[in-house]
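Notes for the one structure printed next.
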Amino acid sequence: TWIGKGDEPTLEPRILIENPEYSYGDLDSENMLIHGDNLLALKALEQDYAGKVKCIYIDPPYNTGHAFEHYDDNLEHSIWLGLIKSRLNILKNLLSDDGSIWISIDDDECHYLKVLCDEVFGRINFVNNAIWHKKHSRSNDAKWFSDNHDHILVYAKNKLEWKINKLPRTAEQDKSYKNPDNDPR
């Protein structure tokens, strides 16, 4: 629990209005670029896309204590959790039963976000914490320990329905692949 938990904003349904001035590319494409407050945009998407989205990737503010041009990344922890929770609830509604969400985050909030995602998506639907190498040790400026990785938390909406969609390797990629124990995976 945290201060303000349960005080998430109540949002009325929203309507997205296309601005042809900003349109680009194939007009028959279903792709959209939405400019605006992300919570209001998600609420607008919910009407037409609830239960239809197969994969979501988000890169929320890491709450590192820095200020950026487009958002403040220095929020009190309970405020950060409240902002993230209200968005995760809508994102869960957008996911199809066989859909998944991938959330990039660093060490500062990763473990709190994991517990929050367990609450929103259900702990049983946790798929994995994928670690990705973000910088090399030569350029590492960590004050305490090396911080050359970040996390990607992966949750399925319904883990029993979800399966990973592996991309096939090319012949060029196969050349550099080694399988000393002959495991078919």
(message) What is the percent carbon and sulfur in the accessible area of the chain, measuring with a 1.4 Å probe over the protein chains and ignoring ligands?
(response) 53
(message) Once R0 is set to 22 Å, what does the formula 1/(1 + (r/R0)^6) return for the Cβ-Cβ distance between Ser78 and Asp37, expressed as a FRET efficiency to the nearest 0.05?
(response) 0.60
(request) Return the long-range amide H neighbours of Ile56 (sequence gap of 5 or more, or a different chain), with a cut-off of under 5 Å between placed amide H atoms. (result) Ser100, Ile101, Trp102
(request) Take every Cα-Cα pair in the chain and report what % of them are more than 20 Å apart. (result) 66
(request) Using a cut-off of 14 Å between beta-carbons, work out the net charge of the residues near Asn129 (Lys and Arg +1, Asp and Glu -1, Asn129 not included). (result) -3
(request) Could you tally the net charge around Ala156, taking each other residue with its Cβ under 10 Å from the Cβ of Ala156, Lys/Arg +1 and Asp/Glu -1? (result) 0
(request) May I ask what percent, to the nearest 5, of DSSP beta bridges between residues of the chain are antiparallel? (result) 75
(message) So, R0 is 35 Å and r is the distance between the beta-carbons of Tyr22 and Cys55; what FRET efficiency does that work out to, to 0.05?
(response) 0.90
(request) Hey, can you find the accessible area per residue of the chain for me, probe 1.4 Å, expressed in square angstrom? (result) 75
(request) Hand me the GluC sites (Glu not before Pro) from the stretch 1-51 located in a DSSP loop with no more than 15 other Cβ atoms within 10 Å, in residue order please. (result) Glu18, Glu30
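The values are calculated or read from the model by the stated rules, or taken from the named source; none is laboratory data. Just so you know, these numbers come straight off a predicted model, no measurement behind them. Cβ: placed from backbone, ideal geometry, glycine included. Neighbour counts: every protein chain shown. Ligands, DNA and RNA are excluded from the accessible area calculation, which covers all protein heavy atoms including side chains. Shrake-Rupley method; radii C 1.70, N 1.55, O 1.52, S 1.80 Å.
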